[in-house]
């Protein structure tokens, strides 16, 4: 069986719409919107964000499974961690499918893109966990923390608690990534540097061209959600506390903050 | 089996917002476009495309053999804000099935085509 498979090899039903990030970017720009994901000030933010996370969880499940398959010579404990992550991500996907229903959406309302899958395209388990577990799951910590705060403002315990349960798992996934990035590169500083550079590329990819700030620097705007109107962040924020819990160092978080705005990923 | 109580009284979270449906007029327009393509009237369909999509649509129309497709189905939909993605399939007894995808938006009471892709040889749901 082929290793490091490309996105077009992912099994999807015929009625599913999976488009390249470039097509998605063009669709948004043609409507006068920012080129990346739905922003907190957009009407569709909550549905689109939950949908993006849901398909992200599906791809994360597939990615952990592929990591297990792609690196059969990796330590047994590493494989066990990846298998556990497959199970975690499948539960997350189910939770988000229920949340989609809750907010009046459904899997397939929005297209899926390949951007998360592109982070699996590297033939080294250390890079793979650096990129996916530390880069992407770190980003998930940011996105989930913001969703929890939004749910708190909406007074919605369903979203708040559901996302909090998932966030708890993501924190363990980041820790897992940190552990294996270091273990797999022990005594090989060049390999460690390569893994860190891969993660940094992913961090930069998701900087959203300055559409991401610290929580303190986030401009507040009116956001209508259901029948409620709340003041909320105009930007995507970095969850410093959750990232510290996940094992990121102060220095790493600072670097992430300083890097914000330098990328034009999409 | 232990008595688990009255399950009818146990309710999960109720939806907080209604679903947004795909406009029926859009689906009707796509069905009309599929008819035009299947009848070899691609030029008529091209008139519905924005300037940047006219070439794409002409190429798509040129790849559709006229008169060989008797089954035209919309198989998938999705949306990005107010732009809709519609995937459709044309098939016939003597023709290789053709899968195509449009991105469309409303312009007053008509629909515009922003993108048109031939997905026939794409594996899975991937659209390059």
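Which distance in Å, rounded to a whole number, links the C-alpha centroids of region B:46-68 and region A:54-74?
Rounded to whole Å, the Cα centres lie 39 Å apart.
Between the helical axis of A:76-102 and the dominant principal axis of chain A, each derived from Cα atoms, what acute angle in degrees is found, rounded to the nearest 10?
With both axes taken from Cα atoms, the answer is about 10 degrees.
Using a Förster distance of 51 angstrom, determine the FRET efficiency expected from the C-beta separation of residue A:255 and residue B:95, and round it to 0.05. Could the numbers behind the result be given before it?
Working: r = 57 Å, r/R0 = 1.11.
Once rounded, the FRET efficiency stands at 0.35.
Taking Cα atoms, how many degrees apart are the long axis of helix B:24-38 and the longest axis of chain B, rounded to 10 and kept between 0 and 90?
Approximately 40 degrees, to the nearest ten.
Quick one: compute the contact order of region A:93-224, relative version, from alpha carbon pairs under 8 angstrom and 6+ residues apart, as a percent.
30
If I take R0 = 25 Å and measure r between the Cβ atoms of residue B:35 and residue A:14 in this structure, what FRET efficiency does the formula 1/(1 + (r/R0)^6) give, to the nearest 0.05?
Working: r = 21 Å, r/R0 = 0.85.
Approximately 0.75, to the nearest 0.05.
I want the antiparallel fraction of DSSP beta bridges within the protein assembly as shown, as a percent rounded to 5.
80
So for A:119, A:4, fewest C-beta neighbours within 10 Å to most, what's the order?
A:4, A:119
Taking the mean number of other Cβ atoms within 10 Å as a proxy for protection, how do you rank B:36-47, A:53-64 from highest to lowest?
Those peptides, ordered most packed to least, come out A:53-64, B:36-47.
How many Cβ atoms of partner chains, on average, are near each residue of A:7-17 if near means within 10 Å of its Cβ?
What the average comes to for A:7-17 is 6.
Any idea how far apart residue B:73 and residue A:197 come out in nm if each label point goes 7 Å out from Cα toward Cβ?
In this crude spin-label approximation the distance works out to 4.9 nm.
Output the Kirkwood hydrodynamic radius of the protein assembly as shown, Cα pairs only, in Å rounded to one decimal. Can you show the working numbers first?
Working: mean 1/r = 0.0441 Å⁻¹.
Mean inverse Cα-Cα distance, inverted, gives 22.7 Å.
For region A:81-127, just say rounded, prolate or oblate: build the C-alpha gyration tensor, square-root its eigenvalues into a ≥ b ≥ c, call rounded for a/c under 1.5, and beyond that prolate if a/b exceeds b/c, oblate if not.
Oblate is the answer for region A:81-127, as a/c is 1.5 or above yet b/c matches or exceeds a/b.
Angle between the Cα long axis of helix A:137-154 and the longest principal axis of chain A, 0 to 90 degrees, nearest 10?
Roughly 20 degrees, rounded to the nearest 10.
Can you work out the FRET efficiency for the pair residue A:152 and residue A:244, with r the C-beta to C-beta distance and R0 = 25 Å, to the nearest 0.05? Write down the numbers at each step before the final one.
On the way: r = 20 Å, r/R0 = 0.80.
Approximately 0.80, to the nearest 0.05.
Percent of alpha carbon pairs in region A:31-183 separated by more than 28 Å?
Result for the distance tail: 21 percent.
No lab work stands behind these numbers, since they all come straight from the coordinates. Keep in mind that this is a model prediction, so the values were computed, not measured. A quick note on method: Cβ atoms are made from the backbone with ideal geometry, for glycine too, and the neighbour counts reach across all protein chains shown.
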